[in-house]
Amino acid sequence: MSDIILETKGLTKHYGGVHALEGADFVLNRGEHVAIMGDNGAGKSTFVRQITGVEQRTRGEVIFNGSPVNFAGPLDAREAGIETVFQTLALADDLNVPDNLFLGREKTKLNWLGPFRLLDYKAMREDTMAGLVKTGVKIPNIKNTIANMSGGQRQCVAIARTATFASKLTIMDEPTAALGVQETAQVENIVRTLKDQGESLILVSHNMRQVFDLVDRIIVFRRGRIVANLNKSETDGNDVVSYITGAKTGAEFEGAA
Amino acid sequence: MSDESQGVGGLTYDKSKRQWPNELNVFGALILIIAIFEILGQVLPYMNGQSLLFDTRDRFDSIFNEQRLRIIIVQVAIIGIIALGVTQVIITAGIDLSSGSVVGATAMIAMSFAQVAEVNGNPNPKAIFGEWALDLPWLIPVLVGLLVGTVAGIINGILVAYSRIPPFIATLGMMLFARGVAQWWSKGNPVSFPTESYAKIGAGMMPVIIFLSLAILFHFIMNYTVYGKHTYAIGSNEQAARMSGINVPRHLVLVYVIAGMLAGLAAVILTSKNLTAQSGMGLTYELEAIAMAVIGGVSLFGGRGSIIGTVIGALIIGVITSGFTYLKLGAYYQEMALGMIIVGAVALDQWQQQRAASRS
């Protein structure tokens, strides 16, 4: 197995005449945490949507875990091992924590009963606890429904999904955009735990401090193209801002934007 | 205790947000309503100290007035069976307005396969079909009834899940259509004279036994199977359910089919009990079934509610109906009271929703 978990070659997405994403070449190593930054409409979310199969790309190649992939939808991507934490939370409010973690992929018994096969609550509870320990999320009562939790707690549960299902790559699209200061800190702590676990991560964020805190490498998008690929140790906030605004363009990306 | 608030990125446990099973509230309401009737029985001068549920004249061996208890549960059992299906539909954030009319249509069609050949030595004057459909074993009309209910459920389900027609409209259409079928079937004539074996299905306490057995079965299904979990998930957040890989349209069809089958079964029991089928059968049953579910704490917004709640809701309706008769008050008052209780139950649900939203 190579060290590269995800690679895109010339990834392109056009919405009619709008070139939302143009020729993105991107490499993510195993266990690496990479941030994607850029102004609104720079192509960050479009890029993520092509990888997770939410949309179908116009051109280009996506190579995941060593083989080219062509996900028909987000479920395919998840099956392959790409977990996405969406900006809008995909949790069912009236279900509790294990129910939400295992929604759509429940552990079951007596499978010949078809849709009426029995839920293996015990196994799901144990796996949930293991996943929560792995991410450092503490929930004294996992039987509480999501409706009774704060925004930060919900986001923690959404992220804990990734740890429960031995995923190969986690993508977070602005996971803290809607959260308060303390809740943001909680989520950031979980991201650090994931780093220690050796999980690969793509973090889409606008938050400069957060990005410098959490990731190894920063990719900057501008007007649908990648304009910079910066190691955290060799750059600073002002530098990144000048790439985002277009004051600077990375040497290897000259002529791109 | 202090440990509960520690930990990296911890989810802390707040006791004020601890959950109280909704069924307990509904059960409390049932007890309260019984208590009100008992007190009125003691207080109102013309009642002579009678009791609603307790045996005050030593007519029975137990402390309860068994006769009234039996009436209360028998009169809600058949609509209760429909309510079990309606509960599941409402939990998916849908609604089924067609169940009463499906009962009407199924009653006519199923009964046509349950008729005897001879009445008092003469050929059955109400026979719908020729001799081939007379004196059939009881299982055939039962299967026909389940089939008719299933067909109605499949149509409802496909309209809601695949054609994206709002459940209210789709099942309103089915409500009118099925009532039309019931009237067209025998040009408005009743279908009568069932076989002896068929007449046993709904005789005596059979409706109650069937209702409670099905309630236990569906309580189990809703709580311990994938079907139940996905039903709650779809009603709670349909988009999340879809993103989690649940085949939402297929599941919705299954839910409406189960509701249709239960309506079909209710029709079989009803016709067996009444020994006749009429095109007007099941009128307003859909509303009473919805009322049982709503009073039992099933949220019309989906995602919340339970079979136990609906059973208690059915009992509340039974107690109120019996209670008004016992207080010698006319049926008008009874309907007014039921109307207020239903609106009150939904208002309470709304209020709880808003309180929950403002707390988190």
### Task
Tell me, yes or no, whether the stretch B:81-92 has at least one residue that is assigned to a loop (DSSP other than H, G, I, E, B) and modelled with pLDDT of 85 or more.
yes
### Query
Considering only strands (runs of 3 or more DSSP E) fully contained in the stretch A:179-232, which possess at least 2 residues that are over 14 Å from the mean Cα position of the chain (by Cα) and not aromatic (Phe, Trp, Tyr)?
A:217-222, A:225-231
### Summary
Taking the stretch A:60-105 and the residues there that are in a strand (DSSP E or B) and within 11 Å of chain B (Cβ to nearest Cβ), the one that is farthest from A:HIS19 (Cα to Cα) would be A:ASN96
#### Entry: Pick from the stretch B:94-118, criterion touching a Pro at 6+ places or on another chain (Cβ under 8 Å) and over 24 Å from B:GLY280 (Cα atoms), ranking: surrounded by the most Cβ atoms within 10 Å (Cβ to Cβ)
B:GLY94
### Message
Any residue at all in the stretch B:65-73 that's modelled with pLDDT of 80 or more, closer than 30 Å to B:VAL255 by Cα, surrounded by 12 or more Cβ atoms within 10 Å (Cβ to Cβ) and out of contact with any Cys (no Cβ under 9 Å at 6 or more places or on another chain)?
### Response
yes
### Message
Can you report the number of residues in the stretch A:139-149 which are facing another protein chain (nearest Cβ under 8 Å) and in contact (Cβ under 8 Å) with a residue 24 or more places away in the chain?
### Response
4
### Message
Could you tell me how many of the residues in the stretch B:253-302 are among the aromatic types (Phe, Trp, Tyr) and surrounded by fewer than 24 Cβ atoms within 10 Å (Cβ to Cβ)?
### Response
1
### Residues located in the stretch A:7-38, provided they are under 21 Å from A:GLY53 (Cβ atoms) and among the aliphatic types (A, V, I, L, M)
A:LEU11, A:VAL18, A:ALA20, A:LEU21, A:ALA24, A:VAL27, A:LEU28, A:VAL34, A:ILE36
### Query
Inside the stretch A:106-138, can you point out the residues that are facing another protein chain (nearest Cβ under 9 Å) and at pLDDT below 85?
A:LEU132, A:THR135, A:GLY136, A:VAL137, A:LYS138
### Summary
From the option list A:GLY81, A:GLY16, single residue qualifying as buried (at least 16 other Cβ atoms within 10 Å of the Cβ) and either at pLDDT below 85 or out of contact with any strand residue (DSSP E or B) (no Cβ under 6 Å at 6 or more places or on another chain) (or both) is A:GLY81
### The one condition in (1) within 14 Å of chain A (Cβ to nearest Cβ); (2) at pLDDT 85 or above that B:TYR326 fails to fulfil
(1)
### Task
Collect the residues in the stretch B:207-243 that are closer than 25 Å to B:ALA267 by Cα, more than 7 Å from chain A (Cβ to nearest Cβ) and among the aliphatic types (A, V, I, L, M), keeping them in residue-number order.
B:VAL208, B:ILE209, B:ILE210, B:LEU212, B:LEU214, B:ALA215, B:ILE216, B:LEU217, B:MET222
### Query
outside any loop (DSSP other than H, G, I, E, B) and within 21 Å of the chain's Cα centre (by Cα) - does that describe any residue in the stretch B:181-198?
yes
### Query
So which residues in the stretch B:27-50 are touching a Phe, Trp or Tyr at 6+ places or on another chain (Cβ under 9 Å) and without any contact (Cβ under 8 Å) to a residue 40 or more places away in the chain, if there are any at all?
B:GLU38
### Query
In the stretch A:160-198, what residues are touching a residue at least 60 places away in the same chain (Cβ under 8 Å), more than 15 Å from A:ASN96 (Cα to Cα) and within 10 Å of another protein chain (Cβ to nearest Cβ)?
A:VAL191
#### Entry: Residue among A:THR170, A:THR176 that is assigned to a loop (DSSP other than H, G, I, E, B), crowded, with 19+ Cβ neighbours inside 10 Å and under 17 Å from the mean Cα position of the chain (by Cα)
A:THR176
#### Entry: the stretch B:332-360: number of residues that are modelled with pLDDT under 80 and either within 19 Å of the chain's Cα centre (by Cα) or aliphatic (A, V, I, L, M) (or both)
2
### Task
Would you mind stating whether B:THR150 is hydroxyl-bearing (Ser, Thr, Tyr) and surrounded by fewer than 22 Cβ atoms within 10 Å (Cβ to Cβ)?
yes
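The values are calculated or read from the model by the stated rules, or taken from the named source; none is laboratory data. Since the structure is predicted, the reported quantities are computational estimates derived from the model, not experimental observations. Positions of Cβ are generated from backbone atoms using ideal geometry, with glycine treated the same way; all protein chains shown enter the neighbour counts.
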